[in-house]
1. Under 16 Å from CYS160 (Cβ atoms) and either at pLDDT 80 or above or surrounded by fewer than 20 Cβ atoms within 10 Å (Cβ to Cβ) (or both), is that true of PRO24?
2. Go through the range 182-220 and report how many residues are of a type in the set (S, T, N, Q) and either touching a Ser or Thr at 6+ places or on another chain (Cβ under 6 Å) or within 29 Å of LYS312 (Cβ to Cβ) (or both).
3. Consider VAL277 carefully, then state whether it is touching a helix residue (DSSP H, G or I) at 6+ places or on another chain (Cβ under 6 Å) and not in a helix (DSSP H, G or I).
4. Looking at ARG237, ARG242, can you tell me which residue is charged (D, E, K, R) and in contact (Cβ under 8 Å) with a residue 24 or more places away in the chain?
5. Residues that are of a type outside the set (Asp, Glu), at least 3 per element: which strands (runs of 3 or more DSSP E) completely within the range 15-121 meet that?
6. State whether the residues of the range 197-208 include one that is at pLDDT below 95, out of contact with any His (no Cβ under 8 Å at 6 or more places or on another chain), of a type in the set (A, V, I, L, M) and not in a helix (DSSP H, G or I).
7. Would you check which residues across the range 262-305 are among the small types (Gly, Ala, Ser) and touching a residue at least 40 places away in the same chain (Cβ under 8 Å) and list them?
Amino acid sequence: MDVCAKLRGILKVRKIGHAGTLDPMAEGVLPVAVGRATKDIDHVGALVKEYTAGMLLGTETDTEDISGTVLKSYEGTMPEASEVISAIMSFVGNYDQLTPMYSARKVNGKKLYEYARSGIEVERKSKRVEIYDIRIDSIELPHVTFTVQCSQGTYIRSLCRDIGAKLGCGACMDKLTRNKVGRFEIGDAVKLADVEAAEHSEGGIDSLLSINAPTAVSIGKFDGTHIGHQALLKELRKRAERDKLRTLVVILKFGKTGVLSDEDRKRKLYELGIDYVIELKFTEEMRNMTATDFLEKLLIGRYNMKAIVAGKDVSFGKGKEGNADFLRANSDKYGYSVDLIDKILTDECEEERVDAAEDTGDIAFDGQVVSSTLLRKLISEGDMLHAAELLGAPYKLSGPVVHGKGIGKSEMKYPTMNIEVPDDLILPPYGVYAVRAYIDESPARGRGSSKAEPVIRQVNGIANLGERPTVHGSVEGGTRLRLEVHAFGDIGDCYEKQVKVELLKFIRPERKFDSIADLVEQINEHDLPETMAFFAEES
């Protein structure tokens, strides 16, 4: 079972890696890194590992564990317990271990187990490994259980093989549990089944996550990640760089609607240079969690917080007890620093707004403090130009191109890319927009190609956001909401490609026409000329 492949599908991420495979019959700790954390995974894999192993004396197999084909069964007298103990303990220290044939190590570009399954045994080199400590847990001959701490690259089934060889009776491994890798212990681990279940639970996947590295944290809703948030995050990055910490944004999600989808909000935060993003949904458990528990169990205990950067109106915990005074009062006790950011106001001059975006705290827009509430209002009114100034970039919708009925191409002569729009977003008014689309034309990424640069094609166009009443009749009955984008120029087949679409200017509201011919006339004589005039003015 490929754990990373399963998690990649559940977490909806491309970059994911683990700190060393487990034997097929083994269970236990498998540290997994997601996104930017993958750059640390080699370091984690090099940490000391601890296993509890079961060893069966008197049996040798081709795989060196109980799942393999028996090659030899010992019929003589079993060694005494004292001899077994002496043989086991003799392996403490460095020794050269012969890599098993059934392993993923490569010889001449081919994995050893591929040779083994073809009945071919190849010459392979021994590898120096280190056994730091062994504790014998039980001896009930021919069964022995021991706990071993060892270096990276040690095969425990090969250790069992070598112990059996030293005793002269042969041996194989009959069970294996990885207890820890460095500070990652089995008691803190999450079962894959629990991750799969959490995908559909009230709290979601993020409720299971923890962070090993020391962090600088910001907490908030971060709805839209507008320029006020961006200024705060700039201070967070400064603090993290100064104290050699990793940046973490903890999103407190209230309600079902937002300016960005959960996935797009996380993506934007990562693009802004944040190392970790965790979204905590406002479940009943979260609603009743005290500020002290939130601080102790989550920020300190699970996220390893060493610094917090927040606005002076920060709040968390039951009754919003986790405010600025609470954070200051507990900083010495729990060993973290506190940076509280003042609100900043600007006038309507665009140059000063740009300058303010490089400053700290909340930023005013037209005399108002930039907030998610103001941003939602502008978007809902279709004021895309001012919404873009608050966002620091144009408002976007994104998703894969799906199949439609082909009416745009066959009957209207305006082929479109159809993108399904989630129903949990704060959307601008239904209607026609001047848009800019970014089509991901990157080649499919296979194993080992994660570092390939993305190939993005940019095109201008015109789009309709809504329920297409002219083409699909009455909107009653659950017609799926879509963004239909007609690109200027030939873009070829875009089905299933990921597309980001910037809504640049609202042209007109969506309405039902008497016929498709009337709709085409409206596009030709009014919508398209106004859209083209917008792009001409923009350029």
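1. Numbers: under 16 Å from CYS160 (Cβ atoms): yes; either at pLDDT 80 or above or surrounded by fewer than 20 Cβ atoms within 10 Å (Cβ to Cβ) (or both): yes.
Taking the combined requirement at face value, the residue satisfies it.
2. So in the range 182-220, the residues of a type in the set (S, T, N, Q) come out as 201, 207, 210, 212, 215, 218.
If we keep only those that are either touching a Ser or Thr at 6+ places or on another chain (Cβ under 6 Å) or within 29 Å of LYS312 (Cβ to Cβ) (or both) too, we end up with 207, 210, 215, 218.
So the count comes out to 4.
3. Numbers: touching a helix residue (DSSP H, G or I) at 6+ places or on another chain (Cβ under 6 Å): yes; not in a helix (DSSP H, G or I): yes.
In short, yes.
4. Values: ARG242 fails: in contact (Cβ under 8 Å) with a residue 24 or more places away in the chain.
Answer to the check: ARG237.
5. Working: elements: 16-18, 32-34, 49-57, 59-61, 70-73, 93-98.
Result: 16-18, 32-34, 49-57, 70-73, 93-98.
6. Let us first name the residues in the range 197-208 that are at pLDDT below 95, namely 197-208.
When the remaining residues are screened for being out of contact with any His (no Cβ under 8 Å at 6 or more places or on another chain), the result is 197-208.
When the remaining residues are screened for being of a type in the set (A, V, I, L, M), the result is 197-198, 205, 208.
Restricting the remaining residues to those that are not in a helix (DSSP H, G or I) gives none.
For the range 197-208, residues at pLDDT below 95, out of contact with any His (no Cβ under 8 Å at 6 or more places or on another chain), of a type in the set (A, V, I, L, M) and not in a helix (DSSP H, G or I): absent.
7. Keep residues of the range 262-305 that are among the small types (Gly, Ala, Ser), which gives 273, 291, 301.
Result: GLY273, single match.
Quick grid of which residues meet (1) under 30 Å from VAL421 (Cβ atoms); (2) crowded, with 20+ Cβ neighbours inside 10 Å; (3) touching a strand residue (DSSP E or B) at 6+ places or on another chain (Cβ under 7 Å); (4) at pLDDT 90 or above:
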{"residue": "ASP243", "(1), (2), (3), (4)": "no, no, yes, yes"}
{"residue": "PHE254", "(1), (2), (3), (4)": "yes, no, no, no"}
{"residue": "LEU269", "(1), (2), (3), (4)": "yes, yes, yes, yes"}
{"residue": "LEU272", "(1), (2), (3), (4)": "yes, no, no, yes"}
{"residue": "MET305", "(1), (2), (3), (4)": "no, yes, yes, yes"}
{"residue": "PHE316", "(1), (2), (3), (4)": "no, yes, yes, yes"}
{"residue": "ASN330", "(1), (2), (3), (4)": "no, no, no, yes"}
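The values are calculated or read from the model by the stated rules, or taken from the named source; none is laboratory data. On a predicted model such as this, the values are computed, not experimentally measured, just so you know. FYI the Cβ positions are ideal-geometry reconstructions off the backbone, even for glycines, and counts take in every protein chain you see.
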